[in-house]
1. Using the structure shown, decide if Met134 is open to solvent by 30 Å² or more (accessible area, probe 1.4 Å) and of a type in the set (A, V, I, L, M).
2. Within region 274-323, how many residues are assigned to a strand (DSSP E or B), more than 30 Å from Gly385 (Cα to Cα) and among the hydroxyl-bearing types (Ser, Thr, Tyr)?
3. Based on this model, can you work out whether Thr120 counts as out of contact with any Cys (no Cβ under 7 Å at 6 or more places or on another chain) and loosely packed, with under 15 Cβ neighbours inside 10 Å?
4. Being at pLDDT below 95, surrounded by fewer than 20 Cβ atoms within 10 Å (Cβ to Cβ) and either under 26 Å from the mean Cα position of the chain (by Cα) or within 30 Å of Gly262 (Cβ to Cβ) (or both) is true for just one of Ser48, Ser91, Ser42. Which residue is that?
5. Could you please tell me which pairs satisfy a Cβ distance under 7 Å, a separation of 6+ or placement on different chains, a first residue in region 129-154 that is at negative phi, and a second residue that is modelled with pLDDT of 95 or more and acidic (Asp, Glu)?
6. Which of the residues spanning region 155-176 are open to solvent by 40 Å² or more (accessible area, probe 1.4 Å), farther than 12 Å from Tyr77 by Cα and assigned to a strand (DSSP E or B)?
7. So, in region 302-318, exactly how many residues are crowded, with 18+ Cβ neighbours inside 10 Å and either among the aliphatic types (A, V, I, L, M) or more than 18 Å from the chain's Cα centre (by Cα) (or both)?
8. Based on this model, can you work out whether Glu143 counts as open to solvent by less than 50 Å² (accessible area, probe 1.4 Å), out of contact with any Leu (no Cβ under 6 Å at 6 or more places or on another chain) and of a type outside the set (Gly, Ala, Ser)?
Amino acid sequence: MNRPTLTVMGALLFGMLLTPSNGYAQVRFGADWLFLSRDNDSDAQLISGPDAVSSGEMDFDYESGYRLNLGVGLWEYEIDASWTELPGWSSSQGGTTTAPFVFDDTAGNAVVVPVPPGNTFSFNNAMFDATTSMLFGAIEDNESEQLQNGAVWRLFSESRYDDFEINFGTNRERAWYRVSFGYRHVRFDERAGLSVSGIFDALDSDDGAVFGDLTNEANDGLSNAALINAGFFSVDGAADGFSAFDVMGGASPDTVTVLHLGAADNRLDGGQVTFAGRMFPSDYVIVEGIAKAGLYRNKITASVSEVVAGSVNDDSVYARTLRDERDKAAFVGTLGAIVMVPVTEYITIRGGYEATFLTGIGLAAEQTARVATDALGNAVFSADGDGVAIIHGGVLGLELFW
């Protein structure tokens, strides 16, 4: 919980402790256990070919979180604040390719892919730029740089959700309905990635030869110069590119792993209105329906990273990261139904179901598709903010009154 939130809730609690306990004022404190899941609105195509993969394949389970509530009713009015925190959801999927994974433009070439097409990344990426380089000293367009059949892919995603709000409105204990207006801050952060790992190969694109034709300037690998010219930086290891075979050791190829990571941090701040109504109120059971809606300014901070790492016979590691920030109008709404069972005059058990809708947010898996090339050939990235998330699940808690 951040310091401004603690300050607001601490001040509110201090005011509650000073509030007289009489017919005109009431203080309440609530603690809820949350059991929430989230949908996956992302459906970005990540791998094209016979082993196609999209971000829509990720499923998120229910995870535990908590909510703390503080409120005080003064005559006809009430002020309340709440803090919600859910540590995060995670999801992962994986598999093995049945066709070569091709980094360049030869996925449809039957000379180097026996049963075309091969698998490829579905988005703009620096590995494609490196493996199709025609620059002097970094010529790679005469070979098919690829991973052999049986490459392993893994898709993963992690996200977390925090929510603070403070509201002022009518007293819930003085009428069957209540209306309030307030401020709400929502934090929704995501990380999503795709990795592909396998045995590296570089076949001559004209005859499929493993050992290149020197007259064709084949280098039997992917050079350091081509990677650097494509925008990568050497971050570790020998910085000598990758080979389809180990020159010193004979015929042992490098194992290469390519990782694409998208990140999106959302900070939503705005005003909301709350409507709530109690149905069938009694001394034994109270059913309350609640609806919240508001418009928000979402500050999105996003990035995409591409890492290429060698192993087994090579320890070279290259990386490229692009970042962007943008502001976006967003909407947040919540619908819920709560059943309250008074145990004593001062203690109530509560449970129910709620769903929160977020629109105009950045989703991590959608960021990879936002990389483009400008007129000068430079890679440019603009953060995506058109995502939607629905967070829903059960609530079980306890309220204390005095």
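The values are calculated or read from the model by the stated rules, or taken from the named source; none is laboratory data. Here the structure is a predicted model, which is why all the values come from computation and not from measurement. Here Cβ is always computed from backbone atoms with ideal geometry, including for glycine, and neighbour counts include all displayed protein chains. Note: accessible area is taken over every heavy atom of the protein model, side chains too, but ligands, DNA and RNA are not part of it. Shrake-Rupley method; radii C 1.70, N 1.55, O 1.52, S 1.80 Å.
1. yes
2. Counting residues in region 274-323 that are assigned to a strand (DSSP E or B), more than 30 Å from Gly385 (Cα to Cα) and among the hydroxyl-bearing types (Ser, Thr, Tyr) gives 1.
3. The answer is no for Thr120.
4. Criteria check complete, one pass: Ser91.
5. Thr131/Asp104; Thr131/Glu145; Thr132/Asp104; Thr132/Asp105; Ser144/Asp104; Glu145/Asp104
6. Within region 155-176, Phe156, Glu158, Arg160, Ile166 meet the criteria.
7. 10
8. It is true that Glu143 is open to solvent by less than 50 Å² (accessible area, probe 1.4 Å), out of contact with any Leu (no Cβ under 6 Å at 6 or more places or on another chain) and of a type outside the set (Gly, Ala, Ser).
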